[in-house]
Each structure stands twice: as C-alpha cells, then as structure tokens.
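Everything on this sheet refers to the single structure shown next.
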Amino acid sequence: MDFHCHLDLYPNAKKVYIEALQRTEFVWLVTTSPRAYAATSKVLATTQKCLISPGLHPEIADKKYIELEMLLSQMENCTAIGEVGLDGSARYRPYFELQKNIFKAIVEKCAGFGGRVLSIHSRGAAKEVLDILEANPGFGTAVLHWFTDSPSVLRRAIDAGCWFSVGPTMMKSANGRKLAALMPREQVVPESDGPFAKIDGVHVMPWEANTVAIKLAEIWNISQDEASFLLKSNGLRLMGLLRI
Ligand SMILES: [Zn+2]
C-alpha cells in the first residue's frame, strides 16, 4: 500500500500505473495542482486500488494560486484531498503568507463539506499547519506525510489526532527514524512519495512503500511480520475513512 505517491509524475506513468495495480493493494495518487488532477483523471482511472485526489502543492503556490477556486469546487466530489499544506523552508518562505491563505481556504472548505481526508506537506511549517487544522474542527482527518519537525511538535500533532505516512527514504535519516519511534503505531501508514523520493538516485516505486516495514520493525522492536501486519491493518482503516 502506498498512501502518498505522485504516480502521474513518473516517466512512463501509464506503465507504472499498470504495474502498481498488479503489484500493490492500494495507491493514493496525490496530484500537485487542480489542473494536474483534471488531466491525470482523464488518463488514469480511479479504481478500488488507485485513488486520485486533487491538490495544490505549497512549493508551487505562487504559480498555482489562481487555480484555488477550481480546487475548492473539485473537492465537493472527493473524499480525499492532496497534496496540500505549507512549506516554511527558505526557498518557499517568500510566499508563505500566500501558502497560508490557500491552505486555510482548503481546510475551511473541508469543514464546510463535513470532513475530508488530507495528505499534508508540512516541511518547516508543521506548527502553522497544526494552527490551521486546530482552528477548523470538523475538517476531517489529517495524514502528515514525511513529517520532519521536532518531537514536541510531533506530540502536538499526535494529540490533534493526526495520522502519519512514512516511507523508505524517511528511514534513511536519523531524525526520520527518531520521529518514527515516537509515532503512535496505530496511526502510521506506508508511502513512497515517488518519484520525488529517491534512494541511491533511483525513484522509489509505489510497490516499494511497504518495505518501510523492515526499518519500522527495528525501530519499534517488533518482528517484520508484526510491522507489516500493523501497516496493513492501519491502511485498511484509513481506506475506510477514504470510503474505499
Ligand atoms: Zn509529495
């Protein structure tokens, strides 16, 4: 299972899509803009095994903010939204206020629609992400993808009821492993974040997301079978929230 994948952005996406349907049980395909969602939905189908969701990636907020209204209307018929969120790193700081306005509008709309499941980017801005989520009770369920903040902000996210999607690349960093050790095991699902995420220069594929169980087993001090079983049962629960 892969709960955060930019499948539409792999070279040869159609081939990856077909292979993913054969090799894994579920892929949450998060798009980076409303237009990309519309285009991807024409080429690839949402099936029981592949959920395609509309998003607006914070890294391209300056170029895509004009598509916000399009996203808000697409959201009406989608149970899942992503990738959305905030990026507070130096490169994207110049339009952080714009990012916040976009993310606020999305989260408010989720609450207005009675709740949605969101795949959220929070690099360098997890505190601000949580501020916005907490200001909008009833927004639904947040899945924080590749969480990289501090243990204290992680604690706050856990208290707010967030889920976490973690992937093999996150396990390569000491901070990633430290945070994974502190995550509630019942709220963790696998992700690839491919093709952005790479290991040794090679894209992580959607069917490789489950290999995160190997590292999680070590970190959580349980067997690989137990880790795989946990991830799978968590995944099935999250799929229930996504109404799949
Ligand atoms: Zn992503």
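The values are calculated or read from the model by the stated rules, or taken from the named source; none is laboratory data. It should be emphasised that the depicted structure is a prediction, and the values quoted were computed from it without experimental measurement. All Cβ positions, even for glycine, are placed from backbone atoms using ideal geometry, and neighbour counts span all protein chains on display. Calculation scope for accessible area: heavy atoms of the full protein, side chains included, ligands and nucleic acids excluded. Shrake-Rupley method; radii C 1.70, N 1.55, O 1.52, S 1.80 Å.
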- [ ] Roll a 1.4 angstrom probe over the protein heavy atoms and tell me the percent of accessible area of the stretch 116-244 that is carbon or sulfur.
- [x] 54 percent
- [ ] Can you send over the solvent-accessible area of D159, 1.4 Å probe, protein chains only, in Å² to the nearest 10?
- [x] 110 Å²
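Relative contact order of the chain: what whole-number percent is it, with Cα pairs under 8 angstrom and at least 6 residues apart? Don't skip to the end; give the middle numbers.
Working: 470 pairs, mean separation 45.4, N = 244.
The value is 19 percent.
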TODO: Starting from one equal scatterer on each C-alpha and no solvent at all, send me the Debye-based log10 I(q)/I(0) for the stretch 2-241 at q = 0.12, 0.14 Å⁻¹, two decimals.
DONE: -0.61, -0.86
Open item on the list: Please compute one quarter of the surface area of the Cα convex hull for the stretch 28-120 and express it in square nanometres.
Closed with: 5.7 nm²
Open item on the list: I need the phi-derived Karplus couplings for the stretch 57-68: 6.51 cos²θ - 1.76 cosθ + 1.60, θ = phi - 60°, integer Hz, Gly and Pro marked x.
Closed with: 5, x, 5, 10, 4, 5, 8, 10, 4, 5, 8, 4
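Using a/c under 1.5 as the rounded threshold, could you call the stretch 171-244 rounded, prolate or oblate? The axes a ≥ b ≥ c are square roots of the C-alpha gyration tensor eigenvalues, and prolate needs a/b larger than b/c, oblate otherwise. Spell out each step's value before the answer.
Values: a/c = 1.77, a/b = 1.13, b/c = 1.56.
Because a/c hits 1.5 or more and a/b fails to exceed b/c, the stretch 171-244 counts as oblate.
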TODO: Quick one: what are the phi-derived ³J(HN,Hα) couplings along the stretch 94-108, Karplus 6.51/-1.76/1.60 with θ = phi - 60°, whole Hz, x for glycine and proline?
DONE: x, 10, 5, 4, 4, 4, 5, 4, 5, 5, 4, 4, 5, 5, 4
Task: the stretch 80-138 and the stretch 183-244: distance between their alpha carbon centers, rounded to Å - done: 23 Å
Open item on the list: Give me the dipole magnitude in Debye, nearest 20, for the stretch 2-241 about the Cα centre, with unit charges on the beta carbon: positive for Lys and Arg, negative for Asp and Glu.
Closed with: 200 debye
TODO: On the full set of protein chains, 1.4 Å probe, figure out the accessible area of T46 and give it in Å² to the nearest 10.
DONE: 80 Å²
Task: Longest site-free stretch - the chain; sites: trypsin sites (Lys or Arg not before Pro), DSSP loop, at most 16 other Cβ within 10 Å - done: 92-242
Open item on the list: Going by amide H atoms built from the backbone, whose H comes under 5 Å of the H on R116, apart from near neighbours?
Closed with: G140, T141
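So what is the relative contact order for the stretch 1-72, in percent, with contacts set as C-alpha pairs under 8 Å and at least six apart? Numbers along the way, then the final one.
Working: 98 pairs, mean separation 22.1, N = 72.
Computed value for the stretch 1-72: 31 percent relative contact order.
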Open item on the list: My understanding is that a pair violates if its Cα-Cα distance is over 21 Å; which of K64/K109; K14/K215; K127/K178; K172/K215; K63/K172 do that in this structure?
Closed with: K14/K215; K63/K172
- [ ] List, in order, the whole-Hz ³J(HN,Hα) value for each residue of the stretch 24-39 obtained from phi through the Karplus relation with A = 6.51, B = -1.76, C = 1.60 and θ = phi - 60°; use x for Gly and Pro.
- [x] 9, 7, 7, 10, 9, 8, 8, 9, 9, 7, x, 5, 5, 4, 4, 5
